[in-house]
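The values are calculated or read from the model by the stated rules, or taken from the named source; none is laboratory data. It should be emphasised that the depicted structure is a prediction, and the values quoted were computed from it without experimental measurement. Here the Cβ positions follow ideal geometry from the backbone for every residue, glycine too, while neighbour counts run over all protein chains shown.
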Amino acid sequence: MASGSKEGKEQIRLGFMTAVEIGDRSFVGGLLVTDRFGRPLEFQCTTPVKPNRTQELLYGPTLVPFILGDLLGKALLDRVSVKPLLVMTSRIEMLQLRTKVDVPIIYDEASSETDSKTTQSEQSVAKEQTVPIGRQTFRTHEDFTDDRSTVEQISQQLSNDANMHEPLERVGDALRETMSTVTARPRVA
Amino acid sequence: MLPDQDHLQRSATSDSYNVPCPRAEDFLFDVAPVECITPAAEIYSSGINVALNRWPSIECQHVDPGLAAWTMPSWKPGWPKIRTVGLAFPEAIEFLPPEKEKSDDQSEKVRPIKEPSEGETNAEKKRPKKTRLKPPSDALSLEDRLFYILQQPLETMLAGQELIMPFEPFPHQYEGIGWLFSQESALLADEMGLGKTMQMITAVRLLLRGGQIRRILLICPKPLIPNWQREFRAWAEELPVVTVEGDTARRNLIWKMPGVPILMTNYEVMVRDMEAMPEEERPKFDLVVLDEAQRIKNRDSKTAVVTRDLKRKRSWCLTGTPIENRPEELVSLFEFLEVVNARATPDLRQLSKLADKYILRRTKDIAMKDMPPRLDRDAYLELSPAQKYAYTVAEKEGVVQLNDMGDQVTVQHVFELVLRLKQITNFDPLTNESSKLDRLVADMEEIAASGGKAILFSQWTKVLDWLGERLQQFNPLIYHGGVPTKKREPILSKFKEDPSKHILLMSYGTGAVGLNLQFAGYVFLFDRWWNPAVEDQAINRAHRIGQTSTVIVTRFICNDTIEERIDAVLRHKREIFESVLGDGDVEDAARSLTASEIFGLFDLKAKHGKGTRKIAPKVVEDAA
């Protein structure tokens with residue numbers, strides 16, 4: 001039992017996904033997969049995606065969730081070779097990705113404090129949808145009620161003192177570094 | 001745009017009607033195509049030609065409705081293919097923790113690292129919450145930069161990987177660990193006592209665990225090997241460390257032994273073994289660390305040449321005194337770090353630029369503001385009558401002899417006289433009278449009564465032995481170059497653990513470097529060394545991290561003797577250095593007495609224009 005439990009712990013792979021908006025409504029997404037201690041195992045980031053005017057008009061309010069979830073998030077999860085058991089995100093728009101993949105996608109509630117776009121109604125979440133991991137509380141997708149118990153099982157194998165918000169900051173920093181490097185690079189004629 | 005029924009009905013009154021029949025695809029939405037017009041009644045609503053009671057002949061004809069093409073729903077929800085860029089991290093290496101001995105009470109002393117939490121006290125908030133690794137300035141590729149940006153904060157790394165740390169590192173140590181972690185070429189030049197050893201060990205530990213390095217060579221002065229072994233046990237007990245020692249065959253075996261992550265050796269053994277080994281058989285290392293790296297300051301020395309030839313990927317140097325005499329000494333270290341070309345001669349501006357990039361140096365004033373202060377007090381003593389007589393006679397005779405030698409006099413002759421006079425200030429060899437001993441005993445009685453411990457430094461091992469016989473009431477321990485290496489470590493342990501051992505008598509050469517004796521609150525400099533940097537190193541054995549009380553340093557200086565004159569010269573040199581650098585950093589000064597200054601002690605002039613030649617004995621060698 002002890003060894004089995006230890007092996008289970010060794011296999012825990014956590015995903016941390018976020019996206020940042022750069023310049024004129026372009027988005028880049030990043031996914032960091034770590035072990036249970038937060039040690040990085042693999043990182044993937046996307047090229048920037050920018051919607052055109054028609055897409056903005058026709059998608060309306062569903063545009064950003066579509067870009068972040070269906071396009072960026074899906075591409076990241078497809079490409080990453082170390083598959084995470086769970087993906088945590090600081091962008092509520094990425095929760096929609098859950099409808100496209102089999103991995104629980106959970107949203108860091110603490111991020112909503114700084115996310116001005118999050119509406120009041122979005123903040124009032126049913127208790128059944130929230131689940132604590134380490135020091136943070138996360139929200140599951142409302143249509144996937146089983147995710148809560150899955151996440152709880154994983155959470156039990158992590159430290160209660162673990163800071164799950166910090167790796168998301170790393171992903172954000174890495175995306176900004178990537179963009180600054182790319183934009184600073186001189187174009188070849 | 002459907003034609004209305006009335007219109008159709010009206011049109012049906014003519015014999016032949018051309019009614020446009022729109023196609024379904026002409027509309028923006030699905031409609032059933034209009035077939036033909038069926039008269040609804042025999043009499044049309046227009047009232048015309050009621051007799052006409054037959055089906056009108058209707059031809060359908062396509063007419064362009066005149067709609068512009070842009071209104072057509074030709075758009076499809078297509079998005080460009082999303083491309084991704086990936087970065088995989090090396091696999092971590094796990095080390096099995098060593099089995100604890102039953103009697104080992106270390107676990108009780110261990111204080112695991114606490115990761116900063118939300119509800120910290122004000123005191124805790126003073127230190128930065130996270131020490132994030134920064135990409136080195138020479139990391140140009142995006143992958144290299146992302147590698148560092150995506151690493152955990154050091155606090156999380158140390159707390160999360162179940163790495164037991166005996167003590168929580170200080171903020172400057174976190175900074176140093178992070179800096180070393182990301183540097184391929186690094187010179188950690190923290191002032192003595194700030195924990196260079198611990199920073200290096202922890203950085204190595206993290207790099208090893210992160211799978212970035214697998215084989216390390218640590219080279220240090222021979223007397224420091226037990227100290228390093230002890231520090232590795234304290235800070236990284238799970239890491240296997242093997243010392244290259246024994247006869248030639250055994251050492252060869254160790255050099256080639258696979259699977260040993262950390263090899264440790266001294267400079268002499270390394271030089272001897274590498275020279276004896278064919279080029280192609282020499283081992284390769286991911287990291288080579290030089291402790292007390294000033295040992296290679298002379299770029300043409302055999303040690304420096306052989307060290308530079310070591311096959312390695314990363315090069316680190318540790319030293320509290322990166323410059324002992326001239327800034328040019330740094331060039332040799334930079335050459336080892338492979339940041340300047342072979343035989344390069346960078347000017348001061350270039351050296352300064354390289355230093356900014358590859359040297360990390362912090363002083364206690366800046367890094368350890370909370371550290372207990374060090375109180376220096378100079379004890380000016382009168383020679384005892386017997387000492388005074390012996391001193392006067394020796395000085396007169398000596399100066400007369402020097403004058404008689406005329407042009408034949410050399411700095412060595414003067415130097416011998418200085419040594420002779422210095423010895424008399426310690427004690428009179430005929431009567432064993434010593435004003436320094438009297439003062440020492442008086443101070444020690446007070447220290448022993450309060451349960452304190454003191455370290456005493458002298459230039460001569462004979463003086464230490466002489467003192468050992470006369471300080472029996474304080475249970476002295478003696479530690480100098482004459483003590484076999486294997487017996488040295490137990491002496492330090494006994495001094496630390498045995499409350500009845502109140503004084504440790506040490507030589508500058510053996511005891512001044514690399515030892516941690518912060519449990520001693522008193523330091524006596526029984527005689528003066530030639531260079532205050534070495535004296536500072538000696539004092540910093542006690543005044544270092546972990547010290548909880550003020551360290552009281554007593555320098556014995558006999559009035560109207562050579563000691564007073566040497567002290568004046570050294571003090572003057574220190575003042576000049578401070579005025580040049582202006583930061584109170586006095587470790588790096590060229591402060592050994594020069595030949596001119598030695599001659600000047602007796603109002604003699606250097607005869608052969610070798611005014612800048614350093615004549616002080618080497619620090620590492622004990623004077624007999």
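Below are the figures for this structure:
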| read-out | value |
| --- | --- |
| Which listed residue is surrounded by 23 or more Cβ atoms within 10 Å (Cβ to Cβ) and within 14 Å of chain A (Cβ to nearest Cβ), from B:A159, B:A189 | B:A159 |
| Residue count, the range B:331-352 (criterion: in contact (Cβ under 8 Å) with a residue 60 or more places away in the chain and among the aliphatic types (A, V, I, L, M)) | 3 |
| Set B:A533, B:A542, B:A538: member being under 15 Å from B:E191 (Cα atoms), in the same structural domain as B:S434 (by TED's automatic domain parsing) and in contact with a Phe, Trp or Tyr (Cβ under 6 Å, 6 or more places away or on another chain) | B:A538 |
| Output for the range A:72-93, where each listed residue is of a type outside the set (G, A, S), surrounded by fewer than 22 Cβ atoms within 10 Å (Cβ to Cβ) and at the interface with chain B (Cβ under 9 Å from one of its Cβ atoms) | A:K74, A:D78, A:R79, A:V82 |
| Pairs where the first residue, in the range B:130-151, is in the same structural domain as B:W179 (by TED's automatic domain parsing) and the second is among the basic types (K, R) and in a loop (DSSP other than H, G, I, E, B), C-beta under 9 Å, 6+ apart | B:Y148/B:R132; B:Y148/B:K134; B:I149/B:R132; B:I149/B:K134; B:Q151/A:R39; B:Q151/B:R132 |
| Members of the range B:412-436 found to be buried (at least 19 other Cβ atoms within 10 Å of the Cβ) and more than 40 Å from the chain's Cα centre (by Cα), listed by number | B:V414, B:L417, B:L421, B:I424, B:T425, B:F427, B:D428, B:S434, B:S435 |
| Any chance B:L146 is buried (at least 20 other Cβ atoms within 10 Å of the Cβ), touching a Lys or Arg at 6+ places or on another chain (Cβ under 9 Å), within 13 Å of chain A (Cβ to nearest Cβ) and over 30 Å from B:K297 (Cα atoms) | no |
| Selection from the range B:200-235 of residues that are farther than 22 Å from B:L310 by Cβ and crowded, with 23+ Cβ neighbours inside 10 Å | B:T202, B:L206, B:W235 |
| Members of the range B:481-507 found to be among the basic types (K, R) and without any contact (Cβ under 8 Å) to a residue 40 or more places away in the chain, listed by number | B:K486, B:K487, B:K494, B:K496 |
| When residues of the range A:151-167 are limited to those that are farther than 17 Å from B:M157 by Cβ and crowded, with 17+ Cβ neighbours inside 10 Å, the one farthest from the other protein chains (Cβ to nearest Cβ) | A:V151 |
| Answer from A:R135, A:R148 - the residue that is modelled with pLDDT of 90 or more and surrounded by 15 or more Cβ atoms within 10 Å (Cβ to Cβ) | A:R148 |
| Given (1) of a type in the set (V, I, T); (2) at pLDDT 85 or above; (3) not assigned by TED's automatic domain parsing to the domain that holds B:T319, number of the condition B:I359 does not satisfy | (3) |
| Residue within the range A:104-115 that is at pLDDT 90 or above and surrounded by fewer than 17 Cβ atoms within 10 Å (Cβ to Cβ) present | no |
| Any hit, the range B:539-554, residues being part of a helix (DSSP H, G or I) and at pLDDT below 85 | no |
| Hits in the range B:242-254 (condition: under 26 Å from the mean Cα position of the chain (by Cα) and surrounded by fewer than 19 Cβ atoms within 10 Å (Cβ to Cβ)) | B:V242, B:T243 |
| Members of the range B:219-245 that are farther than 20 Å from B:P166 by Cβ and of a type outside the set (K, R) | B:I219, B:C220, B:P221, B:P223, B:I225, B:V242, B:T243, B:V244, B:E245 |
| In the range A:40-61, the residues that are crowded, with 19+ Cβ neighbours inside 10 Å and within 8 Å of chain B (Cβ to nearest Cβ) | A:P40, A:L41, A:E42, A:F43, A:Q44, A:C45, A:T46, A:V49 |
| Selected residue [within 30 Å of B:R299 (Cα to Cα), in contact (Cβ under 8 Å) with a residue 40 or more places away in the chain and of a type in the set (F, W, Y)] from B:Y358, B:Y391, B:Y380 | B:Y358 |
| Selection count where residues are at pLDDT below 75 and among the aromatic types (F, W, Y), scope the range B:74-97 | 2 |
